[in-house]
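Trainee: Got a structure for you, questions after.
The values are calculated or read from the model by the stated rules, or taken from the named source; none is laboratory data. Just so it is clear, the structure is predicted and the values come from calculations on it, not from any experiment. Cβ placement follows ideal geometry from the backbone for every residue including glycine, while neighbour counts extend to all protein chains displayed. Just the protein is used for accessible areas: all its heavy atoms, side chains included, with ligands, DNA and RNA removed. Shrake-Rupley method; radii C 1.70, N 1.55, O 1.52, S 1.80 Å.
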Amino acid sequence: MTEGERVKWLRKYLGLTLEKFGENLGVTKTAISNIEKGIRNLTDQMLKSICREYGVREEWLRSGEGDPFGAQTRNQEIQAFINDVLAEEDESRRKRFIYALSRLDISGWEALEKVALAFLNDCEHEKED
């Protein structure tokens, strides 16, 4: 994967348009498009701006080596999951489930948490057996 392809992957992973991705970096969507297509190379300044703005490891953006983000925080993992789900078809199982979760009130969340914890406990016991 080229640097430009990694920039495109990152932008799509984050769920951003060319315009929004570039706006956050102070450049136009055309500038980002040219980088993604390999028409223009990433300057050191642009590379560092992308790393700073989007929390990407410089080594990954330059060479593709390692994990793009290093160890992710819980919020980053949740955001990545939500981005993946939102990219699916409207009637996907995961999207329907997330929609159902969005409709829960506090008592629904409490009941769901009890079920989930019981499920995890059962799974841990199965591993021990």
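Trainee: What value, in deg cm²/dmol to 500, does the helix sum -39500 (n - 2.57) over DSSP H runs of n ≥ 4 give at 222 nm once divided by the residues of the chain?
Mentor: Using -39500 (n - 2.57) per qualifying helix, the result is -21500 deg cm²/dmol.
Trainee: Sort out the exposed loop trypsin sites (Lys or Arg not before Pro) in the chain (DSSP loop, at most 15 other Cβ within 10 Å) and tell me the longest stretch that has none. Please report the intermediate quantities before stating the final value.
Mentor: Numbers: sites that count: LYS37, ARG40, ARG57, ARG103.
In the chain, the maximal stretch lacking such sites is 58-102.
Trainee: Further, regarding this structure: Heavy atoms only, probe 1.4 angstrom, no DNA, RNA or ligands counted: give me CYS123, CYS51 ranked by accessible area, highest first.
Mentor: CYS123, CYS51
Trainee: Take the eigenvalues of the Cα gyration tensor for the chain, scale each by 5, and report the square roots as semi-axes in whole Å, largest first.
Mentor: After scaling each eigenvalue by five and taking roots: 37, 19, 13 Å.
Trainee: Roughly what would the spin-label model give for LYS37 and ILE82, points 7 Å off Cα along C-beta, in nm?
Mentor: Going from the LYS37 label point to the ILE82 one covers 3.3 nm.
Trainee: Under a plain spin-label model, where a point goes 7 Å from the Cα along Cα-to-Cβ, how far apart in nm are THR2 and ARG103?
Mentor: Taking the simple label geometry, THR2 and ARG103 are separated by 4.7 nm.
Trainee: While we're on this one: Rank ALA80, ALA111, ALA71 by mean-square fluctuation in a GNM of the chain with C-alpha springs under 10 angstrom and give only the top-ranked residue.
Mentor: With Cα springs under 10 Å in the chain, the top fluctuation among ALA80, ALA111, ALA71 is at ALA111.
Trainee: If you don't mind, another one. Only Cα pairs under 8 Å and at least 6 apart count here; give the relative contact order of the chain as a rounded whole percent.
Mentor: Values: 84 pairs, mean separation 24.5, N = 129.
That works out to 19 percent.
Trainee: Using the heavy atoms of the protein chains alone and a 1.4 angstrom probe, what is the accessible area of segment 49-108 per residue in square angstrom?
Mentor: Result: 73 Å² per residue.
Trainee: In segment 9-38, which GluC sites (Glu not before Pro) fall in coil by DSSP and have 12 or fewer other Cβ atoms within 10 Å?
Mentor: Of the GluC sites (Glu not before Pro), not one in the loops of segment 9-38 has a Cβ with at most 12 other Cβ atoms within 10 Å.
Trainee: Hand me the GluC sites (Glu not before Pro) from segment 85-118 located in a DSSP loop with no more than 14 other Cβ atoms within 10 Å, in residue order please.
Mentor: GLU88, GLU89, GLU91
Trainee: Students often get this wrong, so check it: of LYS12/LYS95; LYS12/LYS37; LYS20/LYS95, which have C-alpha atoms separated by over 21 Å?
Mentor: Checking Cα-Cα distances, LYS20/LYS95 exceed 21 Å.
Trainee: Please report the accessible area of THR17 (heavy atoms, 1.4 Å probe, ligands and nucleic acids excluded) in Å², nearest 10.
Mentor: Surface open to solvent at THR17 totals about 80 Å².
Trainee: Measuring from label point to label point, each 7 Å out along Cα→Cβ, what is the PHE119 to THR17 span in nm?
Mentor: Those two pseudo-labels are separated by 3.6 nm.
Trainee: Pick out which of ASP84, ASP67, ASP105 has the largest mean-square fluctuation in a Gaussian network model of the chain, springs linking Cα atoms closer than 10 Å.
Mentor: ASP105
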